[in-house]
Each structure stands twice: as C-alpha cells, then as structure tokens.
Amino acid sequence: MSYRSDIRIRITKDDFEQIKKEFAKYLDEHIITESILDYLDVYKEHEHTWSVLDDETNEWIDKTAPCVYFGWDSMKWYSELEYLHDMIRKLDRFAISIIGEMYDDVQVEYKEFECIEIYSQFVDDCEGV
C-alpha cells in the first residue's frame, strides 16, 4: 500500500481481546509507548453470522459470533501496523480491507468472513463524508 490507507478489519470479539494482549507484549518489547489500537477511527461491536460448508454432511451451516469491526482512516503503513496485520492474518476468521490513495491501490483479504460484507460496511462508513 502506498502513502496512507483506510483500513477496516472484522474479527471475533474473542480474537480481538487476544490480539490486544499479544500486541501489548509486542509494544513493550519494542519500547513503544502508544498503541494504534487506542486511536481507532471506527469501532463497532455486533453479532455476525456467516455460512460454512460442513465437510461431513456437505451442507451449509450458519455460525454466529460476537464480532468487532474496527479500523483507521488515512493511516500510514509502518512496522507496528505490519505486525498487527500479520497477527490478524494468522486467525481462523478475519476480513481486512485496505484502500490506499491511488484508485488501483485496494487490498482485500479474508478467511471465513465474506469479503463483500466488510467492503459494504466500509462504504457505509464513508457515506456522508
């Protein structure tokens, strides 16, 4: 991503709490006194339902979990954010949308969550801006 990016992330609430703890250790080890998680531009908690294919029955099953949708506007990409990004990509379910300053600078990653949902939420966040 170039220059600055608008970043949106959706993960389960349990994963968010775990990420905060692990990220705090990283900050301590690198003597960083302020956390980017303390300066979120967007933070919403909600119940999220998604469908997964059951390997045994070959049928779609709905799953629901408390989730967190969060992110930043116009965030510079640097090591602290890269570390957080890597942590999130190791989770069992997540969705990330990163939109840079250039029209073709868009990155969407997801596992278990549908990417269209996070993009739709991002568009909703931008309405009226």
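Condition first: outside any strand (DSSP E or B) and either of a type in the set (Gly, Ala, Ser) or under 27 Å from Ile98 (Cα atoms) (or both). Now tell me which residues in the range 33-66 satisfy that. Passing the criteria: Thr33, Glu34, Ser35, Ile36, Leu37, Asp38, Tyr39, Leu40, Asp41. Note on the range 64-96: among residues that are among the β-branched types (Val, Ile, Thr) and farther than 16 Å from Gln107 by Cβ, the one that is surrounded by the most Cβ atoms within 10 Å (Cβ to Cβ) is Val68. Looking for whichever is closer than 21 Å to Lys111 by Cα, surrounded by fewer than 13 Cβ atoms within 10 Å (Cβ to Cβ) and free of Cβ contacts under 8 Å to residues at least 60 places away in the same chain here; the options are Ile31, Ile61. Which one fits? Among Ile31, Ile61, only Ile61 is closer than 21 Å to Lys111 by Cα, surrounded by fewer than 13 Cβ atoms within 10 Å (Cβ to Cβ) and free of Cβ contacts under 8 Å to residues at least 60 places away in the same chain.
Scanning the range 75-129 for residues that are within 19 Å of Lys20 (Cα to Cα) and modelled with pLDDT under 85 turns up Trp77, Tyr78, Ser79. Would you confirm whether or not the range 39-61 contains a residue that is of a type in the set (Gly, Ala, Ser), in contact with a His (Cβ under 9 Å, 6 or more places away or on another chain) and at pLDDT below 90? No - not one qualifying residue is present in the range 39-61.
Is it the case that Leu91 is in a loop (DSSP other than H, G, I, E, B) and within 12 Å of the chain's Cα centre (by Cα)? In short, yes.
Residues in the range 95-114 that are outside any strand (DSSP E or B) and of a type in the set (A, V, I, L, M, F, W, C): Met102, Phe113. Candidates in the range 32-66 are the residues that are under 21 Å from the mean Cα position of the chain (by Cα) and of a type in the set (Val, Ile, Thr); of these, the one that is farthest from Leu84 (Cα to Cα) is Val52.
The values are calculated or read from the model by the stated rules, or taken from the named source; none is laboratory data. From a predicted model like this one, the values you see are computed outputs, not experimental measurements. With ideal geometry, Cβ positions are generated from the backbone for all residues, glycine too; neighbour counts draw on all protein chains shown.
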